[in-house]
2 protein chains.
Amino acid sequence: MSILVVGSVAFDSVETPFGKVEEVLGGSGTYFSTSAGFFTEVRLVAVVGEDFPQRHLDFLGSRNVDLGGLMRAPGKTFRWKGRYGYDLNEAHTLETQLNVFEQFQPVIPAAWRKAEYLFLANIHPELQMEVLRSVDTPRVVACDTMNFWIEKERPALLELLPKVDILIINEGETRQLGQEPNIIKAARAVLALGPKTLIVKRGEYGVLMFHQHSVFTAPAYPLEEVFDPTGAGDTFAGGFMGYLASTHNVTEGGIRQAIIFGNIMASFAVEDFSLERMKRLDYGEIEGRFRKYRLLTEFQGLD
Amino acid sequence: MSILVVGSVAFDSVETPFGKVEEVLGGSGTYFSTSAGFFTEVRLVAVVGEDFPQRHLDFLGSRNVDLGGLMRAPGKTFRWKGRYGYDLNEAHTLETQLNVFEQFQPVIPAAWRKAEYLFLANIHPELQMEVLRSVDTPRVVACDTMNFWIEKERPALLELLPKVDILIINEGETRQLGQEPNIIKAARAVLALGPKTLIVKRGEYGVLMFHQHSVFTAPAYPLEEVFDPTGAGDTFAGGFMGYLASTHNVTEGGIRQAIIFGNIMASFAVEDFSLERMKRLDYGEIEGRFRKYRLLTEFQGLD
């Protein structure tokens, strides 16, 4: 099954303790699509400006990403500038230039309206709702959001959440949305707002998944070299949704396995700046980490 | 197999967002022994002052803890005062009164020198070394330490570590001791200092265990009510060593299972102030959480 994703395509400028890059390929839609493209076909709805180079489009096109919903608008492409300290779990935004993204009105090509898997990356919750209205009845709707929308657009978000199957947000966002400091209580409060499943991203501590009656924990794949965490969350979501759509298994077990693949994809993304590691990645490496991953949490029948 | 432990017995005054207690029973030796006592006999070497009430000794005595190595010295018992904010992962020490603990010279009763399992709680590394010298060849030596000793007594610590089988410290201490910000690299650096196994405690994020060639991750048991994290680390160590000594299985699999029991014991300890939850705990509850724990990390054969 293919996945429809609506998100950003951007230029990132990033500084970490290990290096610095300027105006490299980034954006939630880009990271998500590249990651999901390892598992299934991805249909990307996004906008770029006149300054966006063909080679980036060629790269995405070569990675199982259908660009039939990518618009080119007059003006400049979305730009984000951020910095990380040694605590790589937290980005410090230095500058955001929305540019063409400011007027972004996602248009879903008619042929894509029967999408079965839909991922709404972090954009205004009203736009997320519009996208949701313009597709038929997808089997799985997953979405992301951020502190800004939780604070400023809470009513729009609360209208969206009951229509979402899987909400994928980070730990701070979970506490903010659930209005509880304890993460387990916060997660319960978020589930009460509508989503059937909540996935909480905790950076180097991995992922928590909540259903009404169960909790699943999946550690991050342990890495000695974390170079740049930018895009890790969207790469996780891409691996997760990509695996889910490729297996078409949305049982508890299927969702748990998809989370592991999400974690593994994210573990590659952070090993280099921008999409560089994803460009060098092959499926054999993904399988290799999956095999090793099993031993990370195994505590029975080992001796 | 019984366990020999050398640590502190103290009065704690603790403030959390959920309440406040004054001069309640605490100390690393106390938490460790009570926790380990659920699994095996514990022999506690510690010191208290003249002000230490008999009822606390009666409690420990009723919990499989042999007090034949507990000295009563002239003066006051060790006191610690601390506060936690909503981020319950970090304690802010308000006051430390060493009192009788300042002159503490652990004396191991002759009959206890053949200890097979030894836990050196967080005391001066030179004292830890003295204890180690005064026992015969224990099968498993585990030890804890803290930022203060890592900074001020590094040479003494570096002398001790090659004689330690299992070092049990927290995440910040691992980074400080390994002199690396990346936790995986830091753990490798710590292993290079001598211990065969390193267990890294990460509060609500659970535990990482490192051997030369393997990594194991064990999430914290998810709790909606964390009341007071004081003693969680020593309760973990007690559950871990207690289970290990009771099964006498120190294979990779045995150590992993013991870590799970450590996590489960810690999950009870934080549900109330001081040792209150441990006083109400029975073994059936421990087994109940162990059964639920398996589902936390399971991602295969579920569907």
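The values are calculated or read from the model by the stated rules, or taken from the named source; none is laboratory data. All values derive from a computational prediction rather than experimental measurement. Backbone-built Cβ (ideal geometry, glycine too); neighbour counts: all protein chains shown.
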### Query
Does residue B:302 satisfy being within 14 Å of chain A (Cβ to nearest Cβ), touching a helix residue (DSSP H, G or I) at 6+ places or on another chain (Cβ under 7 Å), free of Cβ contacts under 8 Å to residues at least 40 places away in the same chain and surrounded by fewer than 18 Cβ atoms within 10 Å (Cβ to Cβ)?
yes
### Task
Go through segment B:271-299 residue by residue and tally those that are within 30 Å of residue B:61 (Cβ to Cβ), without any contact (Cβ under 8 Å) to a residue 60 or more places away in the chain and within 14 Å of another protein chain (Cβ to nearest Cβ).
2
### Query
So which of A:204, A:287, A:276, A:271 ends up being at pLDDT below 95 and either buried (at least 20 other Cβ atoms within 10 Å of the Cβ) or more than 25 Å from residue A:175 (Cα to Cα) (or both)?
A:204
### Summary
In segment B:20-59, anything over 16 Å from residue B:269 (Cβ atoms) and in a loop (DSSP other than H, G, I, E, B) is listed as B:40, B:41, B:49, B:50, B:51, B:52, B:53
### Query
acidic (Asp, Glu), under 29 Å from residue B:18 (Cα atoms) and touching a residue at least 24 places away in the same chain (Cβ under 8 Å): does that describe residue A:173?
yes
### Query
Among the residues of segment B:172-207, how many are within 11 Å of chain A (Cβ to nearest Cβ), farther than 17 Å from residue A:225 by Cα and touching a Lys or Arg at 6+ places or on another chain (Cβ under 8 Å)?
2
### Query
Which residues, counting only those in segment B:64-85, are free of Cβ contacts under 8 Å to residues at least 60 places away in the same chain and either within 17 Å of residue B:277 (Cα to Cα) or not in a strand (DSSP E or B) (or both)?
B:64, B:73, B:74, B:75, B:76
### Query
Which of the residues belonging to segment A:31-75 are over 20 Å from the mean Cα position of the chain (by Cα) and within 19 Å of residue A:99 (Cβ to Cβ)?
A:49, A:50, A:51, A:52, A:53, A:54, A:71, A:72, A:73, A:74, A:75
### Task
May I ask you to verify whether residue A:88 is surrounded by 12 or more Cβ atoms within 10 Å (Cβ to Cβ) and either within 18 Å of residue A:47 (Cα to Cα) or polar (S, T, N, Q) (or both)?
no
### Summary
Pairs returned, first residue in segment B:180-195 that is touching a residue at least 24 places away in the same chain (Cβ under 8 Å) and over 11 Å from residue B:212 (Cα atoms), second residue that is assigned to a helix (DSSP H, G or I) and among the hydrophobic types (A, V, I, L, M, F, W, C), beta-carbon separation under 6 angstrom, 6 or more apart or interchain, are B:193/B:161
### Task
Go through segment B:222-245 and give me each residue that's buried (at least 23 other Cβ atoms within 10 Å of the Cβ), in contact with a helix residue (DSSP H, G or I) (Cβ under 6 Å, 6 or more places away or on another chain) and at the interface with chain A (Cβ under 10 Å from one of its Cβ atoms).
none
### Query
Given the conditions (1) part of a helix (DSSP H, G or I); (2) of a type outside the set (Gly, Ala, Ser); (3) at pLDDT 95 or above, and given that residue A:193 satisfies all but one, which numbered condition is not satisfied?
(1)
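Condition check ((1) in contact (Cβ under 8 Å) with a residue 12 or more places away in the chain; (2) not aliphatic (A, V, I, L, M)) across all residues:
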{"position": "A:87", "(1), (2)": "no, yes"}
{"position": "A:91", "(1), (2)": "yes, no"}
{"position": "A:101", "(1), (2)": "yes, yes"}
{"position": "A:106", "(1), (2)": "yes, yes"}
{"position": "A:130", "(1), (2)": "yes, yes"}
{"position": "A:135", "(1), (2)": "yes, no"}
{"position": "A:141", "(1), (2)": "yes, no"}
{"position": "A:147", "(1), (2)": "yes, yes"}
### Query
If you go through segment B:211-221, how many residues are facing chain A (nearest Cβ under 7 Å) and either in contact with a Cys (Cβ under 6 Å, 6 or more places away or on another chain) or free of Cβ contacts under 8 Å to residues at least 24 places away in the same chain (or both)?
1
### Message
Restricting to segment B:149-177, count the residues that are in contact with a strand residue (DSSP E or B) (Cβ under 9 Å, 6 or more places away or on another chain) and farther than 18 Å from residue B:124 by Cβ.
### Response
5
### Task
Please state which one of A:30, A:40 is among the polar types (S, T, N, Q) and farther than 13 Å from residue A:10 by Cα.
A:40
#### Entry: Residues located in segment B:246-258, provided they are assigned to a helix (DSSP H, G or I) and either surrounded by 24 or more Cβ atoms within 10 Å (Cβ to Cβ) or within 13 Å of chain A (Cβ to nearest Cβ) (or both)
B:247, B:252, B:253, B:254, B:255, B:256, B:257, B:258
